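Participant: Quick one: structure below, then a few questions.
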Amino acid sequence: MNEGLIPRRYAKALLKFAEEKSADKRLYELMTTLSGSFESLPELDATVGNPFIAPEKKIQLLTTAAGAAPSDSVFADFMKLLQRNNRLPLARAIALAYQEDYRKAHNIYKVEVTAAAPMGKAEEERLKKLIESHLKGGTMEYSFKVDPELIGGFAVNIGSERLDASIKNDLEQLRQKLLG
């Protein structure tokens with residue numbers, strides 16, 4: 001079966017179960033922390049996929065990586081389900097799929113702004129308000145980073161959409177016109 005389809009199915013079922021238990025928001029926080037742990041610690045993926053490490057140790061590791069507390073019973077039950085079905089190595093993909101499903105269900109947009117230089121507080125707030133006005137009543141998870149390679153300007157990613165108002169992009173488009 002398709003590796004991408006399995007995590008999606010688990011995430012969808014988990015979201016429905018978490019909503020029934022009124023734990024969907026907390027689980028979203030845990031899954032966000034868990035996927036962040038996978039991103040910052042690449043060896044975590046290899047460890048969870050290692051067949052020589054006991055499943056109980058993997059669950060303990062994933063629970064710590066998610067920042068889950070003993071009171072997070074939905075997360076604990078889910079880890080046991082993954083263990084029973086030999087799906088612990090899919091924890092990262094399931095966490096990412098859960099986040100995507102949760103955002104879609106709650107009209108949350110992931111917004112990433114990349115600028116060539118740091119923005120002033122007022123300028124950044126104005127940009128946030130402009131972006132919010134285009135989200136059709138949705139809320140946003142906002143992140144900002146600086147990338148000097150843009151030369152000037154900024155780029156905004158909202159989900160899979162991108163608005164690139166950088167000098168680097170302008171120069172690339174000019175280059176393409178000259179070559180074409």
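The values are calculated or read from the model by the stated rules, or taken from the named source; none is laboratory data. Predicted, not measured: the structure shown is a model, and the values here were computed from it. Methodologically, a virtual Cβ is constructed for each residue, glycine included, from the backbone with ideal geometry; neighbour enumeration extends over all protein chains shown. Remember, those area values only see protein heavy atoms, side chains included, never the ligands or the DNA or RNA. Shrake-Rupley method; radii C 1.70, N 1.55, O 1.52, S 1.80 Å.
Participant: Any idea how many residues of the stretch 113-137 are closer than 13 Å to ILE158 by Cα and in contact (Cβ under 8 Å) with a residue 40 or more places away in the chain?
Facilitator: Count: 2.
Listed here are the residues, each with its yes/no results for (1) among the β-branched types (Val, Ile, Thr); (2) closer than 30 Å to GLU19 by Cα.
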| site | (1), (2) |
| --- | --- |
| ARG103 | no, yes |
| ALA122 | no, no |
| SER143 | no, yes |
| ILE151 | yes, no |
| ARG162 | no, no |
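Participant: Taking the stretch 120-140, which residues are over 15 Å from GLU161 (Cα atoms) and touching an Asp or Glu at 6+ places or on another chain (Cβ under 9 Å)?
Facilitator: Within the stretch 120-140, GLY138, THR139 meet the criteria.
Participant: Right, here's the next one. Collect the residues in the stretch 110-136 that are part of a helix (DSSP H, G or I) and hydroxyl-bearing (Ser, Thr, Tyr), keeping them in residue-number order.
Facilitator: Scanning the stretch 110-136 gives a single hit, SER133.
Participant: Quick one: how many residues across the stretch 118-139 are open to solvent by 40 Å² or more (accessible area, probe 1.4 Å) and among the hydrophobic types (A, V, I, L, M, F, W, C)?
Facilitator: Residues in the stretch 118-139 being open to solvent by 40 Å² or more (accessible area, probe 1.4 Å) and among the hydrophobic types (A, V, I, L, M, F, W, C): 2 in total.
Participant: Just to check your reading of the model, which residue among LYS80, LYS145 is open to solvent by 50 Å² or more (accessible area, probe 1.4 Å), under 28 Å from ARG9 (Cβ atoms) and at pLDDT 95 or above?
Facilitator: After ruling out the rest, the residue left standing is LYS80.
Participant: Step by step: first the residues of the stretch 86-112, then only those that are open to solvent by less than 70 Å² (accessible area, probe 1.4 Å) and polar (S, T, N, Q), then the one that is nearest to ALA65 (Cα to Cα). Which residue is that?
Facilitator: Filtering the stretch 86-112 for residues that are open to solvent by less than 70 Å² (accessible area, probe 1.4 Å) and polar (S, T, N, Q), the one nearest to ALA65 (Cα to Cα) comes out as GLN99.
Participant: Let me ask you something else. Can you tell me which residue among THR114, THR33, THR63, THR47 is in contact with a helix residue (DSSP H, G or I) (Cβ under 6 Å, 6 or more places away or on another chain), on the phi < 0 side of the Ramachandran plot and polar (S, T, N, Q)?
Facilitator: After ruling out the rest, the residue left standing is THR33.
Residues checked against (1) buried (at least 18 other Cβ atoms within 10 Å of the Cβ); (2) touching a residue at least 60 places away in the same chain (Cβ under 8 Å); (3) of a type outside the set (A, V, I, L, M, F, W, C):
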{"residue": "TYR28", "(1), (2), (3)": "yes, yes, yes"}
{"residue": "GLU39", "(1), (2), (3)": "no, no, yes"}
{"residue": "ASN50", "(1), (2), (3)": "no, no, yes"}
{"residue": "GLN60", "(1), (2), (3)": "no, no, yes"}
{"residue": "ALA65", "(1), (2), (3)": "yes, no, no"}
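Participant: Hey, any hits in the stretch 159-174 for a residue that's under 15 Å from the mean Cα position of the chain (by Cα), on the phi > 0 side of the Ramachandran plot and open to solvent by less than 80 Å² (accessible area, probe 1.4 Å)?
Facilitator: Quick first cut of the stretch 159-174, residues under 15 Å from the mean Cα position of the chain (by Cα) only: 159-160.
Okay, now just the ones that are also on the phi > 0 side of the Ramachandran plot, so 159.
With the extra rule that they be open to solvent by less than 80 Å² (accessible area, probe 1.4 Å), the set shrinks to 159.
Yes, the stretch 159-174 contains at least one residue that is under 15 Å from the mean Cα position of the chain (by Cα), on the phi > 0 side of the Ramachandran plot and open to solvent by less than 80 Å² (accessible area, probe 1.4 Å).
Residue by residue, here is whether (1) in contact (Cβ under 8 Å) with a residue 60 or more places away in the chain; (2) more than 30 Å from GLU161 (Cβ to Cβ); (3) not β-branched (Val, Ile, Thr) holds:
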position	(1), (2), (3)
ALA69	no, yes, yes
ALA93	yes, no, yes
LYS104	no, no, yes
ASN107	no, no, yes
VAL111	no, no, no
